[in-house]
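Notes follow the structure.
The values are calculated or read from the model by the stated rules, or taken from the named source; none is laboratory data. Everything numeric in this text was worked out from a predicted model, so none of it was measured. When we count neighbours, we look across all protein chains shown, and the Cβ atoms used for this are built from the backbone with ideal geometry, even at glycine.
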Amino acid sequence: MKNRVLSSYLSKDKLGKRKCLPMNTLLLIYAMLTLTFSFSFSAGCISEKNKIKPAIDLLLENKTVEEVIVTNKKAAKDSTPNQSAKTIKITESYLSQKSENKTDGFQSQWPMFRQNCQRTGESPLTFRNMNLELQWVFKPSEHTFSYREGTNLWSESAIAIDNNGRTEIIVGSYDHKIYCLNASNGNRIWTFNSGDEIVATPIAGDENIVFLSSDRSIYGLNSSGKRQWIKQLQKWTHTSQPLVASSPVVFDNLFSGGYYINDTYFFDRRQEGYAFLRSSETNEEIWTVLLRRSPIYGPAIGDFKGHKILFFTTSDGIVCAINGQNGQVIWKFTADQQIRSTPVFSIINDKPTVLISARWGMVWAINGNTGKALWSYRTGHMCDSSLAIADIKTAPHQNKFLPDNSKSKSEKIILSGSYDRCLHGIYASSSKRAWKFETKGVILSSPAIAQLSPTAEQLNYSEKIAFFSSMDNYLYCVSLASGRKLWSFKTGALPWPFFKRGDAVFSSPLICNITTQKNKDSIQKKKTMVIFPCHDGKIYAFASKHNKHKP
Amino acid sequence: MGTIDAPRIKLFELPLIKLSGAAIDLAPMIMLILLFIASILAMYYARKIKPWRILIQTLSLGMFVFAAHQTMCVLRTWIFGFQAVGINDTIAFALLHIAVILIFMALVGGAVFCGWICPVGTIQDIISFFTLKIKKQLSTKVIMGADVTLSILSIVVLCWLSLIYAPADFFFSENVSILFTVAGLAGIPFIMIAPVLEKKLRFFRYISLFGRTIIILIGIHVTNPGCTVFETEIDYSASISFLGVLMTAVIINRAYCRYICPFGAVFGFLAPKALFRIQSDSLPCRINCGKCASKCPVGALDKAHIEYSQCVFCGRCVDDCTHKVVMSVEK
């Protein structure tokens, strides 16, 4: 201490200059920055507390979901008797009416993002062989706008619907339009103009098509592309930003999704992520809850003995389980990083499990009952795409188990595309890696799973296959059991020179089938197709070649 | 073409202190501030700085490398953070807060972060601690020969590894870290031959900062060797250039900090204006024993003249000043 001469920073040196004059200014700037941050945060947190109903937040661990729902119901009835009771009544009436009206044709196509409510990305359709050939290519003929960097060329995925025996592909585009294409030849049937680009995948209700556009509205169209209803979610102002919508899920004539509204007006800033449940026919609102102050992704729906639980992810890294009856939060799980992917619900080891992939490459399996992490798997780099899961030993919608040497009856494989340029196949039961398929580009789109029928060259039982695209401009098909490549197709390159990480949403392939009619004996035959809205701005459709040596 | 599996060495893989329930972890920021305050206090009050520095370096290594799941990614996140301001304030805070804290630290204590907290620096310190012991037993000619061979070898190994692991799609954008590291290391053999060039090569730090800033502004995902340590992110270029950092630490103490580190360049700009700094009582030094200069790990001392833009505030010179009159920490 004795030797260390201390002097104030305001003291003057020999020349009479103040030694550290800029320090005051810089510290002032820093203090202002800190104050701004802390103010905006405290304001956000306080208003969030006021607006969100507490709703049995982070429910005690040992309770099952059924107990939670009962307590939630009671709490809701006690607090706001009129509204909640009405909400529950409406939901229950919808659920009781529509739960038995499921049709097979509806299930077999691709009605929403990731094919089903659980978001597994698995289609029950079967490909005859792996000699896939290009059927048609669709490119929007006139460009209202030119491509710029980070354009969301197509919606997250296209959907396939049956309309009077004709399969139609419906896809949203960056040019503010919804395209309806004939799946058999790629001809345009109709288009519908919205106010802004369409990033969220449309959904197919029983009779209509619903989509969220970035122009802050929900649209309901009929099967011929005419608008039936429209609901504005946020009024336009000079400072309102485009809506960030998640791809909704459709079940029992209800649809649920999330959206993020952002108003940058300085004195009344709004950054609100909502989850909602609505009727797809009449657009009647059942509930809307303010979840977080970040974009919302999902939901995936889990069925807990007839109770629908909705699982949402938020971009600030939270997984929420929401009671489908009244929109109350049952549990929350905080992941290690931001999340940009849709959650997946699946039954693994007889446990309801929610699977998510976080931004820095962690795949988390979360107990659907309690919201606690079961296991985690680390990929090499960031994960922005949604996961896909399929049982490699059991065919979907069949209770018959396929022959295999091992004793266990089911083995689920999770597929995770990552920025480390690999598609990871993970055993769902043990979180061990089954295989890793290397490509030469980062994988941004989510895989779509289909079946491959047993042939002479192949195994005795049907094999599961996954289609996914990589930024090395290839559409790949790999076997789910072994991870080996079965087929690949070279697509075009990005319209702009290079892509920035995380700035654009790239579309995923889908599986659908078309009915082909033969003239001679007029026998209807189904042909399975894979349709891929590609990052080069075109839509490709592939189908198996006719197998001449069919027994 | 190949891929590397990232080892999972982190003790806590979930956030420790959540910001309003979100995945944004405040623990690294709090750790950083506490370590910073501790190191400033140690510099200011401790009689012997070395044991405190070793303690804080060990703590920081343990905390940032083995404990906290996500630590500091400030190289490129600031630009994404500025983009997110007003769009999503939560994310903006997550991406900006560490950068703001680092700048604040630089304004208060200069490059204290480099000398006391940065795990990359600590690892280089450990390597040079052992190599200096070995070098003492060897003759100058042998050391010279070994250094020149090793520096050329390190460049060759780096190029070879980057060719093997280079991603096929965006070679340039993904390999920025390797390119800058190799370009910086290419100067080291020349320093061995002509030591005069040493001061000139230090300017490369600013080129590295400038180049990276341009690339970050374009929007390319840039990494640096620190990513491997702070994030356990086995990114191709980050991991390979980290290997280069380790190899060059054998040749020159803290070679990466001296010639390439972009953060060092930022600290180099801000440190001369800092509140705290190491200063000599009487300049020029009357004794001129040169002990302080020989101890300096970054070569910031020349006959008690201190180059503040280079100083990492480690306090070795203060400790080793035998006459106890030269060095002091000034406020």
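Can you say whether A:ILE449 is crowded, with 19+ Cβ neighbours inside 10 Å, farther than 27 Å from B:ASP235 by Cα and in contact with a Gly (Cβ under 9 Å, 6 or more places away or on another chain), as far as the supplied structure shows? Criteria met by A:ILE449.
Checking the condition over 19 Å from B:VAL65 (Cα atoms), within 11 Å of chain A (Cβ to nearest Cβ) and surrounded by fewer than 21 Cβ atoms within 10 Å (Cβ to Cβ), which residue from B:ILE87, B:ILE91 passes?
Numbers: B:ILE91 fails: surrounded by fewer than 21 Cβ atoms within 10 Å (Cβ to Cβ).
After ruling out the rest, the residue left standing is B:ILE87.
Selection of the range B:202-225 for residues being within 22 Å of B:PHE82 (Cα to Cα) and more than 13 Å from chain A (Cβ to nearest Cβ) yields B:SER208, B:LEU209, B:PHE210, B:GLY211, B:ARG212, B:THR213, B:ILE214, B:ASN224. The residue that is nearest to A:ALA541 (Cα to Cα), among those in the range A:498-530 that are in a loop (DSSP other than H, G, I, E, B) and modelled with pLDDT of 80 or more, is A:PRO509. Checked against the criterion of being crowded, with 19+ Cβ neighbours inside 10 Å, within 14 Å of chain B (Cβ to nearest Cβ) and of a type outside the set (A, V, I, L, M), the candidates A:SER214, A:SER155, A:SER194, A:SER123 yield just one match: A:SER214.
Contact map, the range A:363-374: first residue in the same structural domain as A:ALA321 (by TED's automatic domain parsing) and farther than 23 Å from A:ARG433 by Cβ, second residue polar (S, T, N, Q) and at pLDDT below 90, Cβ cut-off under 8 Å, separation 6 or more or different chains; pairs are A:ASN369/A:THR64; A:THR370/A:ASN62. All told, B:ALA67 falls short of being closer than 26 Å to B:CYS314 by Cα, within 21 Å of the chain's Cα centre (by Cα), touching a residue at least 12 places away in the same chain (Cβ under 8 Å) and buried (at least 22 other Cβ atoms within 10 Å of the Cβ).
Quick grid of which residues meet (1) of a type in the set (A, V, I, L, M, F, W, C); (2) within 22 Å of B:VAL74 (Cα to Cα); (3) modelled with pLDDT of 85 or more:
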position	(1), (2), (3)
B:MET1	yes, no, no
B:ALA6	yes, yes, no
B:PHE36	yes, yes, yes
B:TYR44	no, no, no
B:ARG47	no, no, no
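I need the full set of residues from the range A:217-257 which are within 14 Å of chain B (Cβ to nearest Cβ) and within 20 Å of the chain's Cα centre (by Cα), in order please. Within the range A:217-257, A:PRO242, A:LEU243, A:VAL244 meet the criteria.
Here B:ALA23 does not fit the description of being aliphatic (A, V, I, L, M), more than 8 Å from every other protein chain (Cβ to nearest Cβ), over 22 Å from B:CYS296 (Cβ atoms) and in contact with a strand residue (DSSP E or B) (Cβ under 8 Å, 6 or more places away or on another chain). Note on the range B:198-309: enclosed helices (runs of 4 or more DSSP H) holding 1 or more residues that are modelled with pLDDT of 85 or more are B:204-218, B:236-251, B:255-259, B:262-270.
Answer yes or no as to whether A:ILE322 is surrounded by 23 or more Cβ atoms within 10 Å (Cβ to Cβ) and of a type in the set (A, V, I, L, M).
Numbers: surrounded by 23 or more Cβ atoms within 10 Å (Cβ to Cβ): yes; of a type in the set (A, V, I, L, M): yes.
Taking the combined requirement at face value, the residue satisfies it.
Within the range A:373-402, the residues that satisfy the criterion of being at pLDDT 90 or above and either closer than 19 Å to B:GLN70 by Cβ or surrounded by fewer than 23 Cβ atoms within 10 Å (Cβ to Cβ) (or both) are A:ALA373, A:LEU374, A:TRP375, A:SER376, A:TYR377. Residue count for the range A:180-191, restricted to those that are without any contact (Cβ under 8 Å) to a residue 40 or more places away in the chain and buried (at least 21 other Cβ atoms within 10 Å of the Cβ): 0.
Scanning the range B:48-72 for residues that are touching a helix residue (DSSP H, G or I) at 6+ places or on another chain (Cβ under 8 Å) and within 14 Å of chain A (Cβ to nearest Cβ) gives B:LYS48, B:ILE49, B:ALA68, B:GLN70, B:THR71, B:MET72.
In the set B:THR77, B:THR90, only one residue is closer than 26 Å to A:ASP316 by Cβ, more than 20 Å from the chain's Cα centre (by Cα) and not assigned by TED's automatic domain parsing to the domain that holds B:PRO297; that residue is B:THR90.
Mind counting the residues in the range B:37-46 that are more than 8 Å from every other protein chain (Cβ to nearest Cβ) and either under 20 Å from B:ALA94 (Cα atoms) or without any contact (Cβ under 8 Å) to a residue 12 or more places away in the chain (or both)? Outline the logic, then answer.
Let us first name the residues in the range B:37-46 that are more than 8 Å from every other protein chain (Cβ to nearest Cβ), namely B:37-43, B:46.
Going one step further and asking which of them are either under 20 Å from B:ALA94 (Cα atoms) or without any contact (Cβ under 8 Å) to a residue 12 or more places away in the chain (or both), we end up with B:37, B:41, B:46.
Here the count works out to 3.
Residue by residue, here is whether (1) modelled with pLDDT of 90 or more; (2) under 30 Å from A:LYS393 (Cα atoms) holds:
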| position | (1), (2) |
| --- | --- |
| A:TYR94 | no, no |
| A:PHE106 | no, yes |
| A:PRO140 | no, no |
| A:LEU181 | yes, no |
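Only residues that are charged (D, E, K, R) and at the interface with chain B (Cβ under 8 Å from one of its Cβ atoms): list them for the range A:327-344, please.
Pass one, the range A:327-344, residues charged (D, E, K, R): A:332, A:336, A:340.
A:LYS332, A:ASP336 - these are the residues of the range A:327-344 that are charged (D, E, K, R) and at the interface with chain B (Cβ under 8 Å from one of its Cβ atoms).
The set of residues from the range A:360-371 being within 11 Å of chain B (Cβ to nearest Cβ) and assigned to a loop (DSSP other than H, G, I, E, B) comprises A:TRP360, A:GLY361.
What number of residues within the range B:113-151 satisfy the criterion of being within 20 Å of B:PRO225 (Cβ to Cβ) and of a type in the set (A, V, I, L, M, F, W, C)? Spell out how you get there, then give the answer.
Going through the range B:113-151, the residues within 20 Å of B:PRO225 (Cβ to Cβ) turn out to be B:113-131, B:150-151.
Add one more test, that the residue is of a type in the set (A, V, I, L, M, F, W, C), and what stays is B:113-114, B:116-118, B:120, B:123, B:126-127, B:129-130, B:150.
Total satisfying the criteria: 12.
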